[in-house]
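Engineer: Have a look at the structure that comes next, please.
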Amino acid sequence: MTRLPRWADLVLVPLISLALAFAISALVILSIGQNPIEALKVMVTGALGSSYGWGYTLYYATNFIFTGLAVAVAAHAGLFNIGAEGQASLGGLGVALVALSLPWPHWGIALPAAMIGAALFGALWAFIPAILQAKRGSHIVITTIMFNFLAAALLNWLLVNVLRPVGSMDPASAAFPATTQLPHLTDMAAAVGIEWGRNTPANISFLIALAACGLVWLLIWRTPLGYEIRAFGRSERAALYAGIRPTRIIVIAMMISGGLAGLMAINNVMGEAGRLLLNSAEGAGFIGIAVALMGRNHPVGIVLAALLFGFLYQGGAELALWTAIPRELIVVIQALVILLTGALDNMVRMPLARLFGAR
Amino acid sequence: MALPGTQATAPPAIELRGISKAFGPVQANRDISLVVPAGTIHGIVGENGAGKSTLMSILYGFYRPDAGQILVGRRDAGITDSQSAIRAGIGMVFQHFKLVPNFTVVENVILGAEDGALLAPSVSRARKELRRLAAEYQLDVNPDAVVETLSVGHQQRVEILKALYRQADILILDEPTGVLTPAEADHLFRILKGLRDRGKTVILITHKLREIMEITDNTSVMRRGEMVATVPTRETSPEQLAELMVGRKVLLRVDKAQAAPGTPILELSGLRMVDRAGVERLRGIDLTVRAGEILGIAGVSGNGQTQLLDILGGYPEAGAQVTGTARLAGRTLPLSGTDARARRHAGIGNIPEDRQAEGLVMDFSAWENTVLGRHRDAGTALMDNDAIRSRAAAQMERFDVRPRDPELAAKNFSGGNQQKIVVAREIESRPILLLVGQPTRGVDIGAIEFIHRRLIELRDAGAAILLVSVELDEIMALSDRIAVMFDGCIMGERLPDATSAAELGLLMAGASPSGIPPEQGQPDPDEREPAKGVI
């Protein structure tokens, strides 16, 4: 009946959800006999208190921006892409094949090629669930979940049996040539005379992620294709009436989504690891769902939410390192944030709407 | 507001005193007082958004009023929810039936009123009671029929039976005739009169003034949340009621010049459509619509009109097989392998039957909706949103869309203004053929007048218009020729001046005047017995 003002919807609801998540986390930390204030201090200093912390926070955030955008584009078409994890893994394969196939003279040439490889593999991995949904009505949630498992199994087999260098005991590809190493943000800062974030993995992919945000915004809100994606996502019958073909929109939206998820691999595989490891995506695909939910499927919101989750990842790692709080508890805190900002969104929204309606 | 002496002697069945209800800043009901004498049929009319539904929802316990009192039989009824409304003897028949389709009639009737842990005793008791009610009120329905196999008219009787089974003395019906054939509506009216004659009180909410005049004893008119008048029906006229509803003089007839039909624009021959389930929905349609004329298609909904419009609009339902030939302005129009975009390019405009599901993306702003279906026409890589916005604002001005805010989401406009957005978009695309489905369904009187005028203007500008409506009055008022559809066939064509509602009603029910029965096929499951009560 009553609607929230836009600012309350965009700012107040996520902030209150976040505060609730932290409050409950504090109770959990208290209950195991630790000091929550101390814990928060460790997290904030560890993730945001130094350029070193920021270097990691931004690195994680880069992953989450790509997967968050991926989930958001599909969501605009009314599709719930749970397969960003698998698509990001396949993107890693694309990057590895590109990086290992040619003696790249310079990263500036290798990067565009790797981006094409990453996006193409991610998009193709999303294409199969998309075409199954469009033509046969197989539910995209089910198929994308299954394709996560298929991706894990496929990469497992490839890394053990095909890509593993002879004599290596490690299920990983050979290291990429040094010429494909992407410039880290540290190097770029140093080039302009600033010492920033030494020994951190944040790299040029962060800037590419920001550029991707701009392009997604342009696509969704400024192009006829974006109009069709949104129209289809909100009303399939109105889309049919408007001459928008469902098959086409489902396939295109899912391939863009998969491509964005795949692009994440330039950050973690090319920018950080320098070779393809087992389970390279490390759950970033699932975090992307929470990021998109919390960011309201808008690029600006996604950047902010990705930074938050980057902070939680890096701060959580610091917490495990410096306090007696076990690693598992950090997962609990992250889960609480996801639960309250994503799944329990209405718990905050409805009382707030009543409050605004009562005025 | 007091009623004349004749009615005042009867004790009131229900009395409302100073009912007010606000939703946020919107005052849906303002200080409403109303006395409904027992044993009468009381009509309530008003435009959409006048507050009729809110008032009835308060009466049935869905909403609690901010102020005011409800008295049933001179005592405060203490209505807090629908259970207490039922206990007070109030029964409600909703516009959209609340029946479980795969339950039998008797199961639906006892749903929520079962007594005891075992079902069988309730069922047998209910069956006996149903037979008694059926005999008393002409409410014949087989208690063991499964509801989804019944015609719409029979389903409505089940709803009435449900209320009577719960010992309702006051029956509220919300737009009960919207889905009925004229004959079914007549039968409903006989039932309602029977109920009144046995002392029940009936409150009838409708926007059809003809029905008000036909069966009500008293009529109340609502406008903008207020009760503006309550009058004995025989002392008023449709013109007066319409004026009270809108607050100004309204033309109930459409002024139009004689049509000047030109060359054939749409020619259909032998159009057939078999849906995915193998049911033949269209069984050989032959039609011609000429430039500068309006061809009206009358018929009870569900007889193939929707399928006809969807095929012509370029989006037949999935898995449908369409055969036959169609020509648009002399050129062959492909019936398969096409889409709505191609149809628009060919010059076909389309005002769809369901504006909320098809004609608009409800979450989109008004300006975004003004290019729905034509969003690629500019041919540029990026859409020029500023230009679309300003064109939308001008269009809303021309079609008097209120509020005049292009940024407002379509869902936040009233039904009439939503329809104006659709009508504006389709008319201003200058179609050579305009498909129009239920143009004024759920649209208030003022907007109906406006939309009708625009359609006539388009006709006079030389466009061909194919009009589908279940409102016979609308068909009669607008059409230059009338074709009647029943069970996927055209039953015949008539000229509006040379026919009557009764004759059209007969054709709509499938009675063939020439004595040749219509080709027998599998009837639409929704309309299995539309002819009942006519022949």
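The values are calculated or read from the model by the stated rules, or taken from the named source; none is laboratory data. Here the structure is a predicted model, which is why all the values come from computation and not from measurement. Don't worry about glycine lacking a Cβ; one is built from the backbone with ideal geometry, like all the others, and counts go over all protein chains shown. Areas reflect the complete protein model, heavy atoms only, side chains present, ligands, DNA and RNA absent. Shrake-Rupley method; radii C 1.70, N 1.55, O 1.52, S 1.80 Å.
Engineer: Between B:S414, B:S390, which is without any contact (Cβ under 8 Å) to a residue 12 or more places away in the chain, more than 13 Å from chain A (Cβ to nearest Cβ) and among the polar types (S, T, N, Q)?
Structural biologist: Exactly one residue qualifies, and that residue is B:S390.
Engineer: How many residues are more than 14 Å from every other protein chain (Cβ to nearest Cβ) and small (G, A, S) if we restrict to the stretch B:15-38?
Structural biologist: The total comes to 4.
Engineer: Considering the stretch B:120-157 alone, what residues qualify as being under 23 Å from B:K193 (Cβ atoms), over 20 Å from the mean Cα position of the chain (by Cα) and assigned to a helix (DSSP H, G or I)?
Structural biologist: Filtering the stretch B:120-157 down to residues under 23 Å from B:K193 (Cβ atoms) leaves B:129-141, B:150-157.
Still in the running and over 20 Å from the mean Cα position of the chain (by Cα): B:129-141.
Of everything in the stretch B:120-157, those that are under 23 Å from B:K193 (Cβ atoms), over 20 Å from the mean Cα position of the chain (by Cα) and assigned to a helix (DSSP H, G or I) turn out to be B:E129, B:L130, B:R131, B:R132, B:L133, B:A134, B:A135, B:E136, B:Y137.
Engineer: Identify, from the list B:T332, B:T323, B:T263, the residue that is open to solvent by 50 Å² or more (accessible area, probe 1.4 Å), more than 14 Å from every other protein chain (Cβ to nearest Cβ) and free of Cβ contacts under 8 Å to residues at least 24 places away in the same chain. First the steps, then the outcome.
Structural biologist: On the way: B:T323 fails: free of Cβ contacts under 8 Å to residues at least 24 places away in the same chain; B:T263 fails: free of Cβ contacts under 8 Å to residues at least 24 places away in the same chain.
Testing whether each residue is open to solvent by 50 Å² or more (accessible area, probe 1.4 Å), more than 14 Å from every other protein chain (Cβ to nearest Cβ) and free of Cβ contacts under 8 Å to residues at least 24 places away in the same chain leaves just B:T332.
Engineer: For the stretch B:317-335, enumerate the residues that are within 19 Å of B:T306 (Cα to Cα) and either in a strand (DSSP E or B) or not assigned by the TED database to the domain that holds B:Q307 (or both).
Structural biologist: Answer for the stretch B:317-335, where residues must be within 19 Å of B:T306 (Cα to Cα) and either in a strand (DSSP E or B) or not assigned by the TED database to the domain that holds B:Q307 (or both): B:Q321, B:V322, B:T323, B:G324, B:T325, B:A326.
Engineer: For residues that are among the polar types (S, T, N, Q) and part of a strand (DSSP E or B), tally how many sit in the stretch B:413-441.
Structural biologist: Number satisfying all stated conditions: 0.
Engineer: Report yes if some residue within the stretch B:385-394 is of a type in the set (G, A, S), surrounded by 17 or more Cβ atoms within 10 Å (Cβ to Cβ), under 30 Å from B:T181 (Cα atoms) and modelled with pLDDT of 90 or more; otherwise report no.
Structural biologist: No - not one qualifying residue is present in the stretch B:385-394.
Engineer: Quick one: is A:L260 more than 14 Å from chain B (Cβ to nearest Cβ), under 30 Å from A:A19 (Cα atoms) and part of a helix (DSSP H, G or I)?
Structural biologist: no
Engineer: Quick check on my filter: what residues within the stretch A:235-252 are within 18 Å of B:P316 (Cβ to Cβ) and either under 25 Å from the mean Cα position of the chain (by Cα) or more than 7 Å from chain B (Cβ to nearest Cβ) (or both)?
Structural biologist: Across the stretch A:235-252, the qualifying residues are A:E236, A:A239, A:I244, A:P246, A:T247, A:R248.
Engineer: Identify, please: which residue in the stretch B:339-361 is open to solvent by 40 Å² or more (accessible area, probe 1.4 Å) and in a loop (DSSP other than H, G, I, E, B) and is, among those, nearest to B:K411 (Cα to Cα)? Explain how you work it out, then say what you get.
Structural biologist: Keep residues of the stretch B:339-361 that are open to solvent by 40 Å² or more (accessible area, probe 1.4 Å), which gives B:341-342, B:345-346, B:354, B:356.
From what is left, the residues that are in a loop (DSSP other than H, G, I, E, B) are B:346, B:354.
Numbers: B:A346: 30, B:D354: 13 Å.
Checked the stretch B:339-361; the qualifying residue nearest to B:K411 (Cα to Cα) is B:D354.
Engineer: Inspect the stretch B:336-345 for any residue being more than 10 Å from chain A (Cβ to nearest Cβ) and of a type in the set (S, T, Y) and give the result as yes or no.
Structural biologist: yes
Engineer: Output the residue which, of all residues in the stretch B:355-373 that are in contact (Cβ under 8 Å) with a residue 12 or more places away in the chain and more than 16 Å from A:W221 (Cα to Cα), is nearest to the other protein chains (Cβ to nearest Cβ). Steps first, answer last, please.
Structural biologist: Quick first cut of the stretch B:355-373, residues in contact (Cβ under 8 Å) with a residue 12 or more places away in the chain only: B:355-356, B:359-373.
Subset that is more than 16 Å from A:W221 (Cα to Cα): B:355-356, B:359-360, B:362, B:373.
On the way: B:R355: 9, B:Q356: 9, B:G359: 7, B:L360: 6, B:M362: 7, B:G373: 4 Å.
Among those that are in contact (Cβ under 8 Å) with a residue 12 or more places away in the chain and more than 16 Å from A:W221 (Cα to Cα), it is B:G373.
Engineer: Kindly establish whether B:L282 is open to solvent by less than 50 Å² (accessible area, probe 1.4 Å), under 16 Å from B:A320 (Cβ atoms) and under 23 Å from the mean Cα position of the chain (by Cα).
Structural biologist: Considered against the rule, which asks whether it is open to solvent by less than 50 Å² (accessible area, probe 1.4 Å), under 16 Å from B:A320 (Cβ atoms) and under 23 Å from the mean Cα position of the chain (by Cα), B:L282 comes out as yes.
Engineer: When A:L219 is evaluated against the numbered criteria (1) facing chain B (nearest Cβ under 9 Å); (2) under 24 Å from A:W125 (Cβ atoms), which criterion, by number, is the only one it fails?
Structural biologist: The single condition A:L219 does not satisfy is (1).
Yes or no, residue by residue, for (1) of a type in the set (A, V, I, L, M, F, W, C); (2) under 21 Å from the mean Cα position of the chain (by Cα):
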position: B:N218; (1), (2): no, no
position: B:V231; (1), (2): yes, no
position: B:E235; (1), (2): no, no
position: B:R248; (1), (2): no, no
position: B:G270; (1), (2): no, no
position: B:R276; (1), (2): no, no
position: B:E293; (1), (2): no, no
position: B:G296; (1), (2): no, yes
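Engineer: Being buried (at least 16 other Cβ atoms within 10 Å of the Cβ), over 20 Å from B:T201 (Cα atoms) and assigned by the TED database to the domain that holds B:E175 narrows it down to one of B:I86, B:I79, B:I110, B:I70, so name that one.
Structural biologist: Numbers: B:I86 fails: over 20 Å from B:T201 (Cα atoms); B:I79 fails: over 20 Å from B:T201 (Cα atoms); B:I70 fails: over 20 Å from B:T201 (Cα atoms).
Of the residues listed, the single one that is buried (at least 16 other Cβ atoms within 10 Å of the Cβ), over 20 Å from B:T201 (Cα atoms) and assigned by the TED database to the domain that holds B:E175 is B:I110.
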